[in-house]
Every structure is written in C-alpha cells, then in structure tokens.
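Each value in this text was obtained by applying a stated rule to the coordinates, not by laboratory testing. This structure is a prediction, so every number in the text was calculated from the model and none was measured. Positions of Cβ are backbone-derived with ideal geometry, glycine not excepted, and every protein chain shown enters the neighbour counts.
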Amino acid sequence: MEKSLYERLGGYNSIAAAVDDFLGRQFADKQVGRFYVGHSTNSKKRLRQLITEIICEVTGGPAKYIGRDMRTSHAGLGITGSDWQVTVKNLTAVLDKFTVPQKEKDELLAIVAGLRPVIVEI
Ligand code: HEM
C-alpha cells in the first residue's frame, strides 16, 4: 500500500517547517501581507499551528485539526482570485525550496485547490 501523503512529505516536523516558511512569505508579501497586519505574534503562531494541523489532517496524518472551518475563518476577509494566485505561488515556492517531488507537490496543490471555493470571496 502506498504511504500517506503525510508520510511522503516527511511527517509533522517537515510540514511544520514548510508552513513556517510559507507564512513568513505570506506575512512579508506586498499583496497578501495586508491580511495579517494587526495580528499579534501569538496570533500568528496560533495560525501557524492551526495550518500545520489542518495540513497534517488532510494529508492523512494523525493530527486532529480543531480550528474553525475554512469558510467561517475566511468569511469577510474579501480574499480575491488574485490573492489566491499569489498564495499558491508562495506555496509552490516553498514546496520547491523543500524539494518536494512533483507527485507530492501535485497532490498537495490539488487538495489546497479544493479549498478555493470556500476561501475566495471576490
Ligand atoms: C489567499 C489565501 C489566504 C489568505 C489571505 C488567508 C488569510 C487568513 C487570515 C487573515 C486568517 C485569520 C482570520 C481570523 O482569525 O480572523 C486565516 C485563518 C486560517 N486560515 Fe487562511 N488564508 C488563506 C488561505 C488559506 C489556506 C489555503 C488554508 C489551508 C491550508 C488556510 C488555513 C487557515 C486556517 C487553518 C486558519 C485558522 C482558523 C482558525 O482560527 O480557527 N488559509 N487565514
């Protein structure tokens, strides 16, 4: 049987490190950085933890995501299709930096793409 995507990505620590790098890019980004302005360091760490957990869960890992659902937590932010493109670009850059193989990259990007309809509002 094929290993879970979670295992093929290297498990919890690898995913946590990738999420850390991804959020660093999001916070510093000239377009999407505005969404995170005014959040305390602790709120940013909380967000990093929750994103790590949701990625672990949806890729077949043992972690349980206990945050809010994706529609509720993004509703009212006014995230646009262009913001989404920038975010996917940042995520792809992280996967490339961590030399995630094409197959695993495609699988993860497909899972994330499935969230677009509930996150993008405009
Ligand atoms: C354009 C893309 C995105 C932007 C700008 C964005 C921005 C944000 C912001 C600002 C928050 C905090 C909302 C608040 O607490 O009021 C948030 C929460 C969250 N986002 Fe995103 N997000 C994006 C895409 C994603 C994606 C693709 C995922 C899934 C991997 C994700 C997972 C989460 C999680 C888990 C939370 C925390 C929910 C909670 O607090 O219970 N986001 N996002």
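Using the 10 angstrom Cβ neighbour count as an exposure proxy, how do 69, 21 rank, fewest first?
With the sparsest Cβ surroundings first, the list reads 69, 21.
Give me the extension gain from residue 44 to residue 1: residue separation times 0.36 nm, minus the current Cα-Cα distance, reported in nm with one decimal.
Answer, rounded to one decimal: 11.8 nm.
Rounded to the nearest 500, what is the chain's calculated 222 nm mean residue ellipticity when only DSSP H runs of at least 4 contribute -39500 (n - 2.57) each, over all residues? Don't skip to the answer; put the middle values down first.
Values: 7 runs with 78 residues, N = 122.
For the chain, the value works out to -19500 deg cm²/dmol.
Quick one: order 120, 88 by neighbouring beta-carbon count within 10 Å, fewest to most.
88, 120
Between residue 116 and residue 12, with labels modelled 7 Å along Cα→Cβ, what's the label distance in nm to one decimal, could you check?
Inter-label distance under the simple model: 3.3 nm.
Arrange 70, 1 by Cβ neighbour counts within 10 Å, fewest through most, would you?
Values: 70 16, 1 3.
With the fewest neighbours first, 70, 1 line up as 1, 70.
With a point put 7 Å past each Cα toward its Cβ, work out how far residue 92 is from residue 58 in nm, to one decimal.
Between residue 92 and residue 58, the label points sit 1.7 nm apart.
Counting other C-beta atoms within 10 Å, and keeping those with at most 11, which DSSP coil GluC sites (Glu not before Pro) do you find in segment 53-104?
none
As an exercise, identify the trypsin sites (Lys or Arg not before Pro) in segment 20-122 lying in DSSP coil whose Cβ has no more than 16 other Cβ atoms within 10 Å.
30, 64, 68
Which whole-angstrom value gives the distance between the alpha carbon centres of segment 42-90 and segment 8-41?
10
For the chain, what is the Kirkwood estimate of the hydrodynamic radius, computed as the reciprocal of the mean inverse distance between distinct Cα atoms, to one decimal in Å?
Hydrodynamic radius (Kirkwood, Cα only) of the chain equals 14.9 Å.
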